[in-house]
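Asks: I have a structure I would like to understand better, so I am pasting it below and will then ask my questions one at a time.
The values are calculated or read from the model by the stated rules, or taken from the named source; none is laboratory data. As the structure is a computational prediction, the values presented were derived from the model and not from experiment. Glycine also receives a Cβ, built like all others from the backbone with ideal geometry; neighbour counts cover every protein chain displayed. These area figures cover heavy atoms from the full protein model, side chains too; ligands, DNA and RNA do not enter into them. Shrake-Rupley method; radii C 1.70, N 1.55, O 1.52, S 1.80 Å.
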Amino acid sequence: MSNDAGGPASPSSDGDGSEAHALRFHERIESMREGTRLYLSNDFRAAEDLFKNGMAADDDVDDGESAGGEADAPSPESSPDDSGIDLRGAFALQYAIVGLLRGVASMEDDQLDDCLARLWEADRLASLDAPWVGRKVVRGVCHLTAGVVECLRKTPVRGAFHVAGSWRWLRHLKSEALEYDGIGREVVRSAALLGLGAFALILSLLPDGLVGSAASYLTGFEVEREAGLRMLRTCQEEGEVLGPIGALAWVAFQVDTKAFLGEDAGEDELAECERMLDWASARFDDSLFFGILRADLLATQRRLIEALAVLDHLMALPVLEELRALKAMLMYKKAIYHLAALQWDEAGEAFETSQAIYKAAGRRSLGPAMAVSAAHCYCIARKGGAEDDVKRMMDEVAVYKEMDKSNWVRSDRQAFKIYDEYVDRTTDGKEDPDDLRSWSLLHLATGMALVMRCTLWMSPHKATQFVALLDGAGYESIPDEMARAAVCVAQVHAHQGNVDAGLARCTTGLDLVPALGRASMEFGTVPMLHYLAGHLHCVAGSAHEAEACLRRSVDATTTDMVLHNYLSFKTSQLRRRVRDLIEEAYVRVDVPAGRKVRLSIGLSRHSSEGSGSGGADDAEDEPIGVSWDWCLDERDIDFGARFVPSVKSSRPPIEVVSNGRHDAGSPVRGSFCLPAGCEGGTL
């Protein structure tokens, strides 16, 4: 028997296995598929109930004893028949994950603690399963997910412990799970493709110091982004139980993660996103998950009106009355889409609505950030009554600031600093409205360019308007503000693909370095400008310039800067792209200490004689030459270039470049053309 995707729909039954066991196994696999359909169609409660029912003990499984013997150690792979497989652990794992999704989305209390309890119950049930590869998959994912939940609970040491422990079970996924062809293959292979694909993507985003041969050894395959994406795509194309989750991960990486990394999704990738989303739309009615990605795809294509229409449709779904966190997040997305269209008042209303949802639910985190963003929008919009709107939202921030809470997220802590600045500016008489508007514009523009990524979704016309707005805001008299504006404008040009304009704005900002003060140091303005210059050089293919800018950014970054974490991640990704660019474009030459290496290049004015239609006069006029572009990895070296004419020529050798000492890090470039009348020679 086969399913629609061409894979086995159910295990075979022979020997002592009865048809009843085979039928039962098939029913439970289909039940898992139905549970996935339910929660991807927004019916979290029904999905939870289904997975909870799947945790009920099978008639022939003793709940007090492991079917595979030792429960605490991975057992060698075996091939049990369908009657020996216990799927309760797999149901319990999904029960835990769906419960977490629903709990977070509905802002329930203690959802993380409840999820942990469910995960450990899933691990216990999985330990009772027969010693087959499916048990390893479930137990490994249980520990991996528990590590993520512990990090969300702000206990990173426990989180790291559980993530590390997961490899005890997952280390053999490629050798066992991907190639597994026994009972339950449709579940095992789907889970392995999803797990390994996601793991490869996560590792590709980590700094090089945390990724190496150890990770490749543990998982059994080379850690490489494209390999991970291929696995996720295969997971979706095979259409098995976890295929929809593979599609979610693949599309999210293309339209969201790449945007954060500063990379463009190609036309082929965007077309594939369209295909996967259409595939999902035919299977999951009004899915919030796929709908949000559809809106992001439209925004990436700069079709903001359509993106907003998708969000409005999702906002009207009845399920959002319970899923308040998702509702608040959708309002936030509406706000940043409106910002990309420079619709300040509409964006302010969306931010305010998002803050009101958090407030009504009794949630404090993100409330200050939403409130201060709304205040900035109202200040920039300058509609009638804008001053009162700004004060109302800043008063909301003041209430949060007085609350007994110490673990505010970074965006909320930044909102409190902005509130303090607002108070300083508006106390002892009113500040000029234009000055207050420029102040709000600079703060909001920073968020739009660096965090919200609104400038990526702007049409060229809106981007030009936005740059003009910043240029006309009067920051010239204050170097710190002018340099911050240069960061924003350079990022706009980077998002719009205007390399030369972006580099010019980076230069403008860096020229101000001697005049910059404490505000720029605390924010991280200088290393951010160096990073943006490096990114733009990398886009232009200038690897060594990018590498030099990258080094300056890293050297200028300190741990107390607001942008420290942001820059640490960004520079690690840029370093990887620059390294790949150098490896692709350059040839490596190793020069041992104290030794010489001589490279010879033959030049001849008639080396291509007969290949063109011109005669000797044309060949004489055509410049023949060579250029060099190299950079030293470390230490220093002496470099020189000398041209020796051919023996037919009576010309003496030419000293093209005198021997000189060069240090690591700075690119060395030059060129040489054959002199008039010289037929050739060796450089």
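Asks: Considering every residue within the stretch 446-461, establish whether at least one is within 30 Å of Glu306 (Cβ to Cβ), under 31 Å from the mean Cα position of the chain (by Cα), modelled with pLDDT under 95 and open to solvent by 40 Å² or more (accessible area, probe 1.4 Å).
Replies: Within the stretch 446-461, one or more residues are within 30 Å of Glu306 (Cβ to Cβ), under 31 Å from the mean Cα position of the chain (by Cα), modelled with pLDDT under 95 and open to solvent by 40 Å² or more (accessible area, probe 1.4 Å).
Asks: With open to solvent by 40 Å² or more (accessible area, probe 1.4 Å), assigned to a helix (DSSP H, G or I) and within 22 Å of Met458 (Cβ to Cβ) as the only criterion, which of Ala309, Ala299 stands out?
Replies: Unique residue meeting the criteria: Ala309.
Asks: On to the next question. For the stretch 11-125, please list each of the helices (runs of 4 or more DSSP H) lying entirely inside it that holds at least 2 residues being modelled with pLDDT under 85 and open to solvent by 40 Å² or more (accessible area, probe 1.4 Å).
Replies: 19-40, 88-105
Asks: Right, another one. In the set Ser613, Ser604, which member is over 30 Å from His495 (Cβ atoms), surrounded by fewer than 18 Cβ atoms within 10 Å (Cβ to Cβ) and modelled with pLDDT of 80 or more? Quick ask: steps written out before the conclusion?
Replies: On the way: Ser613 fails: modelled with pLDDT of 80 or more.
Among Ser613, Ser604, only Ser604 is over 30 Å from His495 (Cβ atoms), surrounded by fewer than 18 Cβ atoms within 10 Å (Cβ to Cβ) and modelled with pLDDT of 80 or more.
Asks: If you go through the stretch 401-422 one residue at a time, do you hit one that is open to solvent by less than 50 Å² (accessible area, probe 1.4 Å) and without any contact (Cβ under 8 Å) to a residue 40 or more places away in the chain?
Replies: no
Asks: Given the residues His537, His495, His544, which is the only one that is open to solvent by 30 Å² or more (accessible area, probe 1.4 Å), over 23 Å from Glu421 (Cβ atoms) and either touching a residue at least 24 places away in the same chain (Cβ under 8 Å) or of a type in the set (Asp, Glu) (or both)?
Replies: His537
Asks: Is it the case, given these coordinates, that Val554 is surrounded by fewer than 19 Cβ atoms within 10 Å (Cβ to Cβ) and within 21 Å of the chain's Cα centre (by Cα)? Step through it out loud before you land on a result.
Replies: Details: surrounded by fewer than 19 Cβ atoms within 10 Å (Cβ to Cβ): yes; within 21 Å of the chain's Cα centre (by Cα): yes.
In short, yes.
Asks: A follow-up question, please. How about the stretch 264-295: which of its residues are open to solvent by 60 Å² or more (accessible area, probe 1.4 Å) and basic (Lys, Arg)?
Replies: Within the stretch 264-295, Arg275, Arg283 meet the criteria.
Asks: Kindly evaluate Ala130 against the criterion of being under 26 Å from Arg33 (Cβ atoms), of a type in the set (Gly, Ala, Ser), part of a helix (DSSP H, G or I) and open to solvent by less than 40 Å² (accessible area, probe 1.4 Å).
Replies: Considered against the rule, which asks whether it is under 26 Å from Arg33 (Cβ atoms), of a type in the set (Gly, Ala, Ser), part of a helix (DSSP H, G or I) and open to solvent by less than 40 Å² (accessible area, probe 1.4 Å), Ala130 comes out as no.
Asks: Quick test of your reading of the structure: Ala252 fulfils all but one of (1) surrounded by 15 or more Cβ atoms within 10 Å (Cβ to Cβ); (2) more than 17 Å from Leu205 (Cβ to Cβ). Name the failing condition by number.
Replies: If we test Ala252 against (1) surrounded by 15 or more Cβ atoms within 10 Å (Cβ to Cβ); (2) more than 17 Å from Leu205 (Cβ to Cβ), just (2) comes out false.
Asks: Can you name every one of the helices (runs of 4 or more DSSP H) wholly within the stretch 373-463 that holds 2 or more residues which are touching a Phe, Trp or Tyr at 6+ places or on another chain (Cβ under 8 Å) and within 25 Å of Leu298 (Cβ to Cβ)?
Replies: 454-457
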